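Worksheet for the structure shown next.
The values are calculated or read from the model by the stated rules, or taken from the named source; none is laboratory data. Since the model is a prediction, treat every value here as computed from it, not as a measurement. Note that each Cβ is placed from the backbone with ideal geometry, even for glycine, and that neighbours are counted across all protein chains shown.
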Amino acid sequence: MTTPLISHIYTADPSAHVFEGKIYIYPSHDRETDIETNDNGDQFDMADYHVFSTTSVDPPAPVTDHGVVLRVEDVPWASKQLWAPDAATRDGKYYLYFPARDKNNIFRIGVAHADRPEGPFTADPDYIQGSYSIDPAVLVDDVAVGDDATPGYLYVGGLWGGQLQCYQKGNAEAYDESWLGPKEPTGEGVYAMGPRIARLNPDMRSLAEEVREAQILAPETGKPILADDHDRRFFEAPWVHKRNGLYYFSYSTGDSHYLCYATGTSPYGPFTYRGRMLEPVVGWTTHHSVVEFKGRWYLFHHDSSLSGGVTHLRSVKVKEIFYDDDGNIVSEDPAKK
Ligand code: FUB
């Protein structure tokens, strides 16, 4: 079993990026509460974010804790639950994307900005208009859209407590609170709900278009994965990385506890399911990021081993991943076989 990268506080949902030659990690900051554990995730009652950095994960180097960079009380629109964040950089500025419940208890995506990757971050006064659900992940692409040479794409989505199922019709205005709770589509022939994507404006703080669904297709049918296929359907934790011009969309399957991936030729998908990249870990949730550093690829993820299996007290870990000649993600270096 691998050792947690950070053990002086509980951390989860690591989004790792290489900024200024170092690996920066933007995780959730788990904390103990007296809230009863339920399938809505109420026990995940996080109230701030720390940022971490390191110069090497293999061999391990010390991880620097840059301290608290944003608190829920510094986010004017938010009420609680600072869940899985991500970060991006553009034109010398750094952006932290984060989900939180607004004053009406609806999950929205917020953004905060800083001059340095380690913050501190200043939150925008309101959430990103048109945003909903949880688990933002931002890809800054290298394929121009119009005048924008490096467009940013925001991916979001999470079922059950993450409220994605409340948007059956797709758009932010069609919020249906009768779907609140640990619910999701089910039934013969019913398609799973896909993650959501929208291109960001060059300001990186607003959407250039309405949020839309990205499809994850089953390779055997060419059609979306079925809602009852819990081993493969999207649940939460979207992440997109690009390798050799191919977009890798990876995600958690939630109640079946896998990290899976699918690939496509456009940031919008469709993405065709390819396989698993992490088997179930200690704890209920699984959430990750994939980053290239000095020519090697790493999977950052979390488990609950440090807390002895407490679902909402997790710790960030890292492992190297490899690709075979067909672009499949494999856990052992094919060159060493
Ligand atoms: O950390 C709170 C939630 O747990 C995240 O938003 C999900 O992805 C899951 O890891």
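Any chance segment 140-147 includes a residue that's under 26 Å from Val69 (Cβ atoms) and either away from the ligand (no atom under 16 Å from the Cβ) or of a type in the set (Ser, Thr, Tyr) (or both)? For segment 140-147, residues under 26 Å from Val69 (Cβ atoms) and either away from the ligand (no atom under 16 Å from the Cβ) or of a type in the set (Ser, Thr, Tyr) (or both): present.
For segment 211-257, the set of residues classified as in a loop (DSSP other than H, G, I, E, B), closer than 17 Å to Tyr167 by Cβ and touching a helix residue (DSSP H, G or I) at 6+ places or on another chain (Cβ under 8 Å) consists of Val211, Phe235, listed by residue number. Return the residue satisfying two criteria in turn: it lies in segment 173-190 and is under 22 Å from the mean Cα position of the chain (by Cα) and under 18 Å from Gln215 (Cα atoms), and of such residues it is farthest from the ligand (Cβ to nearest atom). Among those residues, the one meeting the criterion is Pro185.
Here Thr54 meets each of (1) within 30 Å of Glu177 (Cα to Cα); (2) away from the ligand (no atom under 12 Å from the Cβ); (3) of a type in the set (S, T, N, Q); (4) in contact with a Leu (Cβ under 9 Å, 6 or more places away or on another chain) with one exception, condition (1). In this structure, Ile23 does not satisfy being away from the ligand (no atom under 14 Å from the Cβ), under 15 Å from Ile134 (Cβ atoms), among the β-branched types (Val, Ile, Thr) and at pLDDT 95 or above.
Quick check: anything in segment 290-305 out of contact with any Cys (no Cβ under 9 Å at 6 or more places or on another chain), assigned to a loop (DSSP other than H, G, I, E, B) and in contact (Cβ under 8 Å) with a residue 40 or more places away in the chain? Scanning segment 290-305 turns up at least one residue that is out of contact with any Cys (no Cβ under 9 Å at 6 or more places or on another chain), assigned to a loop (DSSP other than H, G, I, E, B) and in contact (Cβ under 8 Å) with a residue 40 or more places away in the chain.
The set of residues in segment 1-44 that are acidic (Asp, Glu), touching a Ser or Thr at 6+ places or on another chain (Cβ under 9 Å) and without any contact (Cβ under 8 Å) to a residue 40 or more places away in the chain is empty.
Restricting to segment 133-183, what's the tally of residues that are acidic (Asp, Glu) and surrounded by 21 or more Cβ atoms within 10 Å (Cβ to Cβ)?
1
Select from segment 66-112 the residues that are within 16 Å of the ligand (Cβ to nearest atom), part of a strand (DSSP E or B) and under 20 Å from Leu200 (Cα atoms) and list them in ascending order. If the condition is that a residue be within 16 Å of the ligand (Cβ to nearest atom), part of a strand (DSSP E or B) and under 20 Å from Leu200 (Cα atoms), then Asp86, Ala87, Leu96, Tyr97, Phe98, Pro99, Ala100, Phe107, Arg108, Ile109, Gly110 are the ones that fit.
Regarding Gly119, is this residue without any contact (Cβ under 8 Å) to a residue 24 or more places away in the chain and either surrounded by fewer than 21 Cβ atoms within 10 Å (Cβ to Cβ) or away from the ligand (no atom under 16 Å from the Cβ) (or both)? Against the criterion (without any contact (Cβ under 8 Å) to a residue 24 or more places away in the chain and either surrounded by fewer than 21 Cβ atoms within 10 Å (Cβ to Cβ) or away from the ligand (no atom under 16 Å from the Cβ) (or both)), Gly119 does not qualify.
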